[in-house]
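A quick write-up on the structure given underneath.
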Amino acid sequence: MGPKISVLNLGLSLGNSTILSNINMLAKPGEVHCIVGPNGGGKTSTLRCILGQMPHTGDIQFEWGENKCIGYVPQFLDFDKTLPVTVNNFMTMVCQNTPAFLGLRKKYREAVAAALDIVKLNGKEKTMIGNLSGGERQRLLFAQALIPEPSLVVLDEPMTSLDEAGITIFEDLIQDLTARGKTLLWVNHDMAQVKRVSTRVTVIDTEVIASGPTNEILTEPMMHGNFRAGSPPSIKVSGEAA
Amino acid sequence: MMGLEGFQQEIMMMAGRGIVPWALYYEFVFNAVICALIIGPVLGALGTMVVAKRMAFFSQAVGNAALTGVAIGVLIGESYTSPYISMFSFCILFALLLNFTRNHTKMASDTLIGVFLSISLALGASLLLFISAKVNTHILESILFGSILTVNQLDISVLFFVSVLVLATGIPLFNRMLLSSLNPALAHVRGVKVQLMEYIFVLMITVVTVACVKIIGAVLVEALLLIPAAAARNLNRSLGGFMLWSVIFSVSSCLMGIIIPMQFDIPIPSGGAIILCAACFFLITSLMRGFMPQFREAKI
């Protein structure tokens, strides 16, 4: 079972700039909660605050079950593409403390093989990650998030390089995780996908424009990226997380 | 060190009988070989991380800072052949300051390291010229480019201690350090203290660089961290091979750089000879990568 996450009056300022102001939102187990908004609106910053990576004001409350594991799928990996790190090396690096150059330990082999199988990267274990396509690299990042089994999955725009097949793999996996009661937090730009997959949505542009069930929040202008226009006034944002 | 002395006697006897290169008959050559066998694996292994984390010029900056450390040591009355206290103190302070500045400014790493590198070189050169009247100029040359003639038991002990410390720290933290450089946010979610890893890595490079100044030289230590790893990267497609070949190239370069000039009476400093040997490995592996399809990566 995933955690319930309540974000209360979250604020973030860097220097003289206000990045986030009075953000309130609620993410529940078994739901896909998408965070949408314009570029520079503070979506990734919200995620980073929730993950405890940025100093912030306000309160973020987690109500965990037994499993407190977080699976995080970042936007990209920043590395030298000629670096000799294979898919297996990468999975080894994130799974175990024993140095990756000594190989994957027996007790992790099954889990790694299963994760790579889920994202259809089996057979690519010995391929250098620099030689993977952008979409394959995103699938690899998703595979690492599955070990150890997470109760909260946080996705930071992982779909940018994916083709149709990759998107199908992702969406199937997300539906499976949701069905198993995991909590999913997802920064997403693809409004059609948000409408298709998410349960709840929060629209952020420095502050919360709207937050609530997807079918109530996503208006036609929003579907076309016009987040300020036509946000339903009936949604009580601050009351949502309380 | 009794065991080492006994081993040295054995090697000297073997050199006398022509079983091993005759140069090993001399104590200073034997000491240099021991140093090579210690620093080779450490620099080779650490080099893979330096390449992966794109920190090559950081060790160059620390090497230059060692010049200032030597000058300060001479000024405060330390032994001018082994001013380790001032070298370690100044270089560690310098490295911590550099990393702190890097973490607290939005300046690109290469710009900041370039600034610190220039400052350390200017400061070191100025202070060394200031003290040049007090010490033999050959001492300065040996600091810059290394000299196996001046390696003694103290240097071997310092190298050994530093190498054990770096390996004991670096091996258990290898995955966490590498993951931190690939994606700090992902590393953080996985419980890695990213900034602490950075500081530990910086300290590891610093102490190794300082400990190697005597044999390779302040100017060239960075090259031995970089070239064997770069050569190994030419041939390998996985971390295991990368690490193994980097260590092999590093140890071979150190041994060849010490033995060949002695054996063939070539008057070049040990540091220069070691780096030239490493450069040969890099050249050969680059050609292999260029002309042999099995070493070329697939193009996406």
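The values are calculated or read from the model by the stated rules, or taken from the named source; none is laboratory data. No experiment lies behind these values; they were computed from the predicted model shown. Positions of Cβ are generated from backbone atoms using ideal geometry, with glycine treated the same way; all protein chains shown enter the neighbour counts.
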* Name the residues in the stretch A:100-149 that are surrounded by fewer than 22 Cβ atoms within 10 Å (Cβ to Cβ), in a helix (DSSP H, G or I), at the interface with chain B (Cβ under 8 Å from one of its Cβ atoms) and not hydrophobic (A, V, I, L, M, F, W, C), would you? -> A:Gly130, A:Asn131
* Asked: In the stretch A:8-61, how many residues are closer than 25 Å to A:Thr178 by Cβ and of a type in the set (Asp, Glu)?
  -> 1
* For the stretch A:173-193, does any single residue satisfy the condition of being modelled with pLDDT under 95, within 14 Å of another protein chain (Cβ to nearest Cβ), within 16 Å of the chain's Cα centre (by Cα) and surrounded by fewer than 19 Cβ atoms within 10 Å (Cβ to Cβ)? -> no
* Structure fact -> The residue that is surrounded by the most Cβ atoms within 10 Å (Cβ to Cβ), considering only those in the stretch A:50-92 that are more than 22 Å from the chain's Cα centre (by Cα) and either within 7 Å of chain B (Cβ to nearest Cβ) or charged (D, E, K, R) (or both), is A:Pro84
* Cβ pairs under 6 Å, 6+ apart, first in the stretch A:127-142 and within 21 Å of A:Val153 (Cβ to Cβ), second of a type in the set (D, E, K, R) -> A:Gly135/A:Asp163
* In the stretch B:228-247, which residue that is outside any helix (DSSP H, G or I) and either without any contact (Cβ under 8 Å) to a residue 40 or more places away in the chain or under 18 Å from the mean Cα position of the chain (by Cα) (or both) is farthest from A:Asn88 (Cα to Cα)? -> B:Asn236
* Which of (1) at the interface with chain B (Cβ under 7 Å from one of its Cβ atoms); (2) in contact (Cβ under 8 Å) with a residue 40 or more places away in the chain; (3) under 17 Å from A:Ala145 (Cα atoms); (4) not charged (D, E, K, R) is the odd one out, the single condition A:Asn97 does not satisfy? -> (2)
* Asked: Which residues, taken from the stretch B:52-106, are closer than 20 Å to B:Leu154 by Cα, surrounded by fewer than 24 Cβ atoms within 10 Å (Cβ to Cβ), out of contact with any Ser or Thr (no Cβ under 7 Å at 6 or more places or on another chain) and among the aliphatic types (A, V, I, L, M)?
  -> B:Val74, B:Ile85
* Please go through the stretch B:182-193 and pick out each residue that is more than 7 Å from chain A (Cβ to nearest Cβ), closer than 23 Å to A:Glu157 by Cα and surrounded by fewer than 22 Cβ atoms within 10 Å (Cβ to Cβ). => B:Pro184, B:Gly191, B:Val192
